[in-house]
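Have a look at the structure below before the remarks.
Each reported figure results from applying straightforward, stated rules to the coordinates on display, with no laboratory input. As the structure is a prediction and not an experimental result, all values here were calculated from the model. Cβ coordinates were reconstructed from backbone atoms using ideal geometry, including for glycine residues, and neighbour counts include every protein chain displayed.
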Amino acid sequence: NAGVTQTPKFRVLKTGQSMTLLCAQDMNHEYMYWYRQDPGMGLRLIHYSVGEGTTAKGEVPDGYNVSRLKKQNFLLGLESAAPSQTSVYFCASSWTGTFQETQYFGPGTRLLVL
Amino acid sequence: GEDVEQSLFLSVREGDSSVINCTYTDSSSTYLYWYKQEPGAGLQLLTYIFSNMDMKQDQRLTVLLNKKDKHLSLRIADTQTGDSAIYFCALGPGRRALTFGSGTRLQVQP
């Protein structure tokens, strides 16, 4: 049981390049989330998914797209990377989206956009 | 929206108690969490408290909630060097996700 895994761990992009971050969970969770963490700030929600085939915008969705084609995977895409997207990205999952549920976090992907 | 504030840094000596504080603005939060983030790692849930509780104790951890003052604290007894990390308070529910504070870096000196 690996929990929540993220690929890659670290990436450097040039402005305008695109990339996809992969999040996978093996806990059969319905809900999955993408957060970004910037220095001196808490985590901010980018997008989330309440189940396979569904996605929704979070607090800071601009410049990102997501897809949930399989229940266990949640992909975060950057179509045209900008320096402002330099951040650490965390994926999380939970059984449901209710407040009782613990969110399980992946180890993070560190992204640097030059 | 929700505003969650934490002090940035706390330094304690090994064996002392640590108290990490968090203040918030939205009194409708039902569950309040404490997460720990070690260097280079993701967030790990430490404990949480229901909004109808004043205190919760879990081994070395004590969570205190003052709803009137909208103040949450995490006390770590007998702090060890392995407790050095960033501690985040988080509130829920909120748009199907948690609202996080900016984190408090705890440094434990031997």
Inset, instruction - Under 1.5 on a/c is rounded, so check that first for the stretch A:1-52, then, if it is not, pick prolate when a/b is larger than b/c and oblate when it is not; a ≥ b ≥ c are the square roots of the alpha carbon gyration tensor eigenvalues. - result: prolate
Inset, instruction - Over every pair of different alpha-carbon atoms in the stretch A:10-114, take the mean of 1/r and invert it; report that Kirkwood radius in Å. - result: 13.8 Å
Legend entry - Neighbour count of at most 15 Cβ within 10 Å plus DSSP loop: longest trypsin sites (Lys or Arg not before Pro)-free window in chain B: B:1-59
Inset, instruction - Determine, at each q value in 0.09 (inverse angstroms), the log₁₀ of I(q)/I(0) that the Debye formula gives when each Cα of the protein assembly as shown is one equal point scatterer. - result: -0.36
Legend entry - Rough spin-label spacing in nm, given labels placed 7 Å along Cα→Cβ, for A:SER84 and B:LEU45: 3.3 nm
Inset, instruction - Pop a pseudo-label 7 angstrom from the Cα along the beta-carbon direction at both A:ALA56 and B:GLN59 and give the gap in nm to one decimal. - result: 3.5 nm
Legend entry - Vicinal HN-Hα couplings computed from phi for the stretch B:39-47 (Karplus, 6.51 cos²θ - 1.76 cosθ + 1.60; Hz; Gly/Pro x): x, x, 10, x, 7, 10, 5, 8, 6
Inset, instruction - Find, among the chymotrypsin sites (Phe, Trp or Tyr not before Pro) in the stretch A:28-114, those assigned to loop by DSSP (not H, G, I, E, B) with at most 15 other beta-carbon atoms within 10 angstrom. - result: A:TRP95
Inset, instruction - Would you list which aspartates and glutamates come within 18 Å of B:LYS70, measuring only between C-alpha atoms, while excluding same-chain residues fewer than 8 positions from it? - result: B:GLU2, B:ASP3, B:GLU5, B:ASP26, B:ASP54
Inset, instruction - Excluding residues fewer than 8 places away in the same chain, name every one of the aspartates and glutamates whose C-alpha is closer than 15 Å to that of A:LYS70. - result: A:ASP26, A:GLU30, A:GLU52
Inset, instruction - For the stretch A:3-81, state which trypsin sites (Lys or Arg not before Pro) are in a DSSP loop and have at most 12 other beta carbons lying within 10 Å of their beta carbon. - result: A:LYS9, A:LYS14, A:LYS70
Inset, instruction - Find how much the distance from B:GLU38 to B:SER17 grows on full extension, using 0.36 nm per residue of separation minus their present alpha carbon separation; answer in nm with one decimal. - result: 5.7 nm
Legend entry - When the stretch B:10-110 is reduced to its Cα atoms, the Kirkwood hydrodynamic radius in Å: 13.8 Å
